[in-house]
Each structure stands twice: as C-alpha cells, then as structure tokens.
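Taking it in order: structure first as structure tokens, then the write-up.
FYI, it's all coordinate maths here, none of it is from the lab. The model shown is predicted, which means the values in this text are computed figures rather than measured ones. Cβ: placed from backbone, ideal geometry, glycine included. Neighbour counts: every protein chain shown.
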C-alpha cells in the first residue's frame, strides 16, 4: 500500500506560486527594458552620431578653409616697411583646424564601423537571453499551471482525509453508544430477574409457614 502524502502547508505552495509569477513578471520587464535600451543605442549610433560627426566634418573643413585663407592673406600682404608679416598665429590656427577635421573624420569612420557591429552584437545578446525569455514566457507559466493542478489535487486529498476521519469518528461514537445501551439493557434485565426471584422466594416461605400454624392448633 502506498504511503500517505506528507503535506506541510498549502500556504507554502501558494507563496511559491506567487514568487514564480513575480519572477516571471520582473524577468519580462527587465528583458523588455534591456531590449529597448540596446535598440535605442543602435539607433543613436547609426543615426544621431553619424549625422553629428558628418556635420562636424563639414564644419571643420570650413574652419580649415578659413584658416588657410587667413594664412595666405597674411603672407601676401607685407608690412609698411615691406617685410613679411608674422604668421605664427595663423599657422597655429590652421594646424588646430586640420587636427579637428582629422578627429571628426576618424569619428565618422568609427561610427560607421560600430553601426555595422552593434546589430550583430544585438543578435548575440538576443541569443544569450533567449533561455531566460523562454523561461519567463513559457516554462514558468507551465510550471504555475502544474502547481495549480497539484494544489487542487492536494486540497481534494486533504478533504478526503478529513471526511474519512470524521466518518471513523462517527462510527466509533455509534459503537460506543450501542455498547452503552447494551450494558444498560443487560443491567436492567439482571435487576428484573432478581426482583422475580425475590418475589418467588417470599411466596414459598409463606406457604410453608401456614400449614405449621394449623398443625399447632
């Protein structure tokens, strides 16, 4: 015969179910948030940053053109004495403008490279979190359903056990009452028998006494 199930508390199962549901909800929220942030980052690199650094290249190119023009102008216009003007500041401005242009062009190339790399990284990220996503969307709901069925079965089992115990208790009470009634009836019969025996004995004594009195007369 199979052993009895040991059920400590259905409330513990209910708390475990609530924890599972909470974990699934938080996992979905976190995954959705991460997916949104990743896609936003990709869009930022591919659109905003690319447009920004392309504008910077255009602006820096204009600054280089202006700095080069200022340097040429300074060189071709002599001083009042006919000597060549000092062009150190213009040459420095031109070097800085060219450095800024080179930096902006490098940024454009980096943005282009990352704009191609990030979508591949997003696919890799999606593959790595697919297990968690499947658990939150499929496995945990399935487990919650199984837990609900288990809880229903346990509740029916406990109800059956309680009903059986009450039935056994009622039967025992009935047996006890029947036994008590039987004892009472037996005692009553015994008392009645004793009364009958006593009555018969008294009659015999009287009948034996009367003839003796007659003989004396």
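A simple spin-label model places the labels of residue 162 and residue 44 5.8 nm from each other, with each point 7 Å out along Cα-to-Cβ.
For residue 142 and residue 36, the FRET efficiency from 1/(1 + (r/R0)^6), where r spans their Cβ atoms and R0 equals 30 Å, is about 0.65.
Place the peptides 32-43, 62-73 in order of packing, highest mean first, counting for every residue the other Cβ atoms within 10 Å and averaging per peptide. Mind dumping the intermediate values first?
Details: 32-43: 12.7, 62-73: 15.0.
Listed from highest to lowest mean packing, they are 62-73, 32-43.
Per-residue extension of 0.36 nm, minus the Cα-Cα distance of residue 150 and residue 18, leaves a gain of 46.0 nm for this segment. The stretch 1-142 gives an Rg/Rh value of 1.50, both radii derived from C-alpha positions and Rh following Kirkwood.
Taking the convex hull of the alpha carbon positions in the stretch 53-101 and averaging its projected area over all directions gives 3.0 nm².
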